[in-house]
Amino acid sequence: LSDTLSENTFDKFIATEQWQEHAKCKAQAYADNPIGWLYIGGQSGSGKTHLCTAICGELLKQGRTVKYVLWRDVVRNLQSCIFDNDKYFAEIDKLKSADVLYIDDFLKSSEPKKELNIAFEIINQRYISDRTTIISSELHIDKLRDFDEAIAGRIKQKSKLNTILIKFEPTRNYRAK
């Protein structure tokens, strides 16, 4: 995140529409009082990563340690060491035990159902140990149920007050403008 922290701040998130202002306000409220988890899902290019990075920047200023991971990198890394138990457990433990874990583009892959064991292992341990977790995804939280009820239920319970859902509309993809 170090390369993007100075660019992806709350001050630099331009909210010209009501849905953007709502998302920004909820993200700022979470950054000020990070109780539970934060889940932001929806339209690609709508600012999900920007807002989550801004939250991480604020948490770093508060003295928290933050681990950022891109979901596809997590899966590729863990699958590459699946036959080396020591390496696998060392790598996955970094995700399970991080003070704050930010998972970007959760379950974004061509075959997300093949990644559910890894996802459950990380989400369940963070759920049990009540560690601060920030998740961005193109999936709305209810769509996660189509993949796995246990993962969706844990995320929904922990982010109950801190869920931001951005409606899927092509006009909300600012990268495509």
Report task. Quick one: go through the range 50-75 and flag any residue whose amide nitrogen is under 16 Å from the point 7 Å out along the Cα-to-Cβ line of ILE14. Result -> 50-51
Query raised in the report: Using a simple spin-label model with points 7 Å from Cα along the Cα→Cβ vector, what separation in nm is obtained for GLU21 and LEU1?
Result: 2.7
Requested in this report: Show that you can apply the helix-only estimate: for the chain, add -39,500 (n - 2.57) for every DSSP H stretch of four or more residues, divide by all residues, and state [θ] at 222 nm to the nearest 500.
Outcome: -14000 deg cm²/dmol
Query - Carbon plus sulfur fraction of accessible area for the chain, probe 1.4 Å, in percent - result: 49
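Which length gain, in nm to one decimal place, applies between LYS87 and ASP73 when the Cα-Cα distance is subtracted from 0.36 nm times their residue separation?
On the way: separation 14, 0.36 × 14 = 5.04 nm, distance 1.56 nm.
Value of the extension gain: 3.5 nm.
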Requested in this report: Pop a pseudo-label 7 angstrom from the Cα along the beta-carbon direction at both SER80 and THR65 and give the gap in nm to one decimal.
Outcome: 2.3
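Can you tell me the length gained on complete extension of the stretch ARG145 to GLU121, counting 0.36 nm per residue apart and subtracting the Cα distance? Before the final figure, lay out the partial values.
Values: separation 24, 0.36 × 24 = 8.64 nm, distance 1.64 nm.
Computed gain between ARG145 and GLU121 is 7.0 nm.
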Query raised in the report: What does the accessible area per residue of the range 122-171 come to in Å², with a 1.4 Å probe and no ligands, DNA or RNA counted?
Result: 50
Report summary line: The lysines whose Cα lies under 23 Å from the Cα of LYS167, excluding any fewer than 8 residues away in the same chain, are LYS12, LYS24, LYS26, LYS48, LYS108, LYS143, LYS156, LYS158, LYS177
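Before anything else, pin down the relative contact order of the chain: Cα pairs under 8 Å, at least 6 apart, normalised by residue count, whole percent. Before the final figure, lay out the partial values.
Working: 254 pairs, mean separation 59.8, N = 177.
Worked out over the chain, it gives 34 percent.
The values are calculated or read from the model by the stated rules, or taken from the named source; none is laboratory data. Just so you know, these numbers come straight off a predicted model, no measurement behind them. For neighbour counting, all protein chains shown are included, and Cβ atoms are generated from backbone atoms with ideal geometry for every residue, glycine included. Heavy atoms of the whole protein, side chains included, go into the accessibility calculation; ligands, DNA and RNA do not. Shrake-Rupley method; radii C 1.70, N 1.55, O 1.52, S 1.80 Å.
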